[in-house]
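Encoded as structure tokens, the structure appears first; notes follow it.
The values are calculated or read from the model by the stated rules, or taken from the named source; none is laboratory data. The structure presented is a predicted model; accordingly, all values stated were derived computationally and were not measured. So basically every Cβ, Gly included, is an ideal-geometry build from the backbone, and we count neighbours across all protein chains shown.
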Amino acid sequence: MKAARMHEYGKSLVLEDVPVPDIQPNDILVQVTACGMCRSDVQLVDGYFRKYADIPTPITLGHEITGVVHKIGSVVPQSSGFREGDHVVVAPGWGDGTCRHCQIGNTQICPNVRWPGFGPVGGFAEFIPVPARYLIKVDSRLKFEELAPLTDAGLTPYRGVKKLRDAGALGPNRVLGVFGVGGLGGYAVQYAKLLGVVLRLSLSTAMPTILPSPRKTGPMPLSASRASLQQMLRRSSARPRPRVTSTLSSTARAPRR
């Protein structure tokens with residue numbers, strides 16, 4: 001199969017022929033049809049994560065992955081519902097499934113977490129083995145290229161906004177502050193409209209020209225500035241205190257292999 005792999009930090013990826021990876025009994029082999037390009041991919045190539053984890057090369061990049069079920073491992077239960085040819089998306093952050101973090105759904109902070117695209121397997125390849133528990137079947141009418149970024153850029157702010165909603169922080173006459181409106185922040189604005197019944201959004205961004213269009217957000221008042229988080233909170237006159245979600249790229253923790 002073809003794969004785009006990094007052999008040296010700071011160097012261009014190399015498109016080369018590599019063997020189709022074997023799968024474990026609880027894996028599903030996915031034929032990749034689309035994979036998003038994330039800023040983390042650029043940071044990985046630039047060597048940003050080396051101060052946290054010096055991942056050995058070669059590395060197959062890509063973690064925003066969609067595809068088609070190609071082969072199913074021998075112990076994947078039929079109750080999982082997967083069949084060859086199913087359209088699927090890959091949830092990154094493969095925890096071991098047994099630690100206390102995995103047990104409550106925080107697989108991304110599992111001590112033994114593995115991340116596709118930060119090691120030998122990734123989405124910049126024709127095939128990738130995925131633990132069955134981290135595959136989600138999707139409607140075949142949906143476009144692969146539109147689904148791919150939802151697995152990372154889409155799910156990250158969704159989790160944050162959903163937590164705010166479940167905590168009772170969103171609702172009529174509330175203000176939601178979105179600090180860092182880029183790709184993820186654009187999704188956060190739309191989720192606020194869909195999940196929170198938020199009537200006003202206060203946005204902090206270095207590039208106001210990239211704000212979501214009214215066609216996507218609906219008739220929701222938006223205010224945008226280059227303000228810091230503290231300034232954004234002080235300027236809000238709404239009561240109770242505005243709720244804030246940050247969609248800036250997280251650099252506090254490097255993905256593990």
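Only one residue in Asp41, Asp46 is assigned by TED's automatic domain parsing to the domain that holds Leu135, touching a residue at least 24 places away in the same chain (Cβ under 8 Å), within 30 Å of Asp86 (Cα to Cα) and of a type outside the set (S, T, N, Q), so which one is that? Even if it seems obvious, please write down each step before you answer.
On the way: Asp46 fails: within 30 Å of Asp86 (Cα to Cα).
Going through Asp41, Asp46 in turn, just one is assigned by TED's automatic domain parsing to the domain that holds Leu135, touching a residue at least 24 places away in the same chain (Cβ under 8 Å), within 30 Å of Asp86 (Cα to Cα) and of a type outside the set (S, T, N, Q): Asp41.
Can you say whether Val68 is over 17 Å from the mean Cα position of the chain (by Cα), surrounded by 13 or more Cβ atoms within 10 Å (Cβ to Cβ), touching a residue at least 24 places away in the same chain (Cβ under 8 Å) and not in a helix (DSSP H, G or I), as far as the supplied structure shows?
Details: over 17 Å from the mean Cα position of the chain (by Cα): yes; surrounded by 13 or more Cβ atoms within 10 Å (Cβ to Cβ): yes; touching a residue at least 24 places away in the same chain (Cβ under 8 Å): yes; not in a helix (DSSP H, G or I): yes.
Considered against the rule, which asks whether it is over 17 Å from the mean Cα position of the chain (by Cα), surrounded by 13 or more Cβ atoms within 10 Å (Cβ to Cβ), touching a residue at least 24 places away in the same chain (Cβ under 8 Å) and not in a helix (DSSP H, G or I), Val68 comes out as yes.
Do you know which residues across region 28-52 are among the aliphatic types (A, V, I, L, M) and surrounded by 13 or more Cβ atoms within 10 Å (Cβ to Cβ)?
Ile28, Leu29, Val30, Val32, Ala34, Met37, Leu44, Val45
Cβ-Cβ below 7 Å, separation at least six or inter-chain, first residue in region 90-116 and under 16 Å from Thr151 (Cα atoms), second in a loop (DSSP other than H, G, I, E, B) and of a type in the set (Lys, Arg): which pairs?
Sorted first by the residue in region 90-116, then by its partner, the pairs are Arg114/Arg256; Arg114/Arg257; Trp115/Arg256.
Could you please find all residues in region 1-38 being free of Cβ contacts under 8 Å to residues at least 60 places away in the same chain, in contact with a Gly (Cβ under 9 Å, 6 or more places away or on another chain) and more than 28 Å from Ser140 (Cα to Cα)? Talk me through it step by step, then tell me what you get.
The initial filter retains those residues of region 1-38 that are free of Cβ contacts under 8 Å to residues at least 60 places away in the same chain, namely 6-12, 14-17, 19, 25, 37.
Add one more test, that the residue is in contact with a Gly (Cβ under 9 Å, 6 or more places away or on another chain), and what stays is 9-10, 25, 37.
Within region 1-38, Tyr9, Gly10 meet the criteria.
For region 1-29, enumerate the residues that are touching a Leu at 6+ places or on another chain (Cβ under 7 Å) and assigned to a strand (DSSP E or B).
Within region 1-29, Lys2, Ala4, Arg5, Met6, Ile28 meet the criteria.
Find the residue count for region 154-165, including only residues that are touching a strand residue (DSSP E or B) at 6+ places or on another chain (Cβ under 7 Å) and of a type in the set (A, V, I, L, M, F, W, C).
2
Which residue is surrounded by the fewest Cβ atoms within 10 Å (Cβ to Cβ), if the candidates are limited to region 141-174 and must be among the small types (Gly, Ala, Ser) and touching a residue at least 24 places away in the same chain (Cβ under 8 Å)?
As a first pass, look at region 141-174 and keep what is among the small types (Gly, Ala, Ser): 148, 153-154, 160, 167-169, 171.
Retained after the next criterion (residues that are touching a residue at least 24 places away in the same chain (Cβ under 8 Å)): 148, 153-154, 160, 169, 171.
On the way: Ala148: 27, Ala153: 21, Gly154: 23, Gly160: 18, Ala169: 19, Gly171: 12.
Only one residue fits best here, namely Gly171.
Just one of (1) surrounded by 19 or more Cβ atoms within 10 Å (Cβ to Cβ); (2) hydrophobic (A, V, I, L, M, F, W, C); (3) at pLDDT 85 or above trips up Val198, so point out which.
Checking Val198 against (1) surrounded by 19 or more Cβ atoms within 10 Å (Cβ to Cβ); (2) hydrophobic (A, V, I, L, M, F, W, C); (3) at pLDDT 85 or above, the one that fails is (3).
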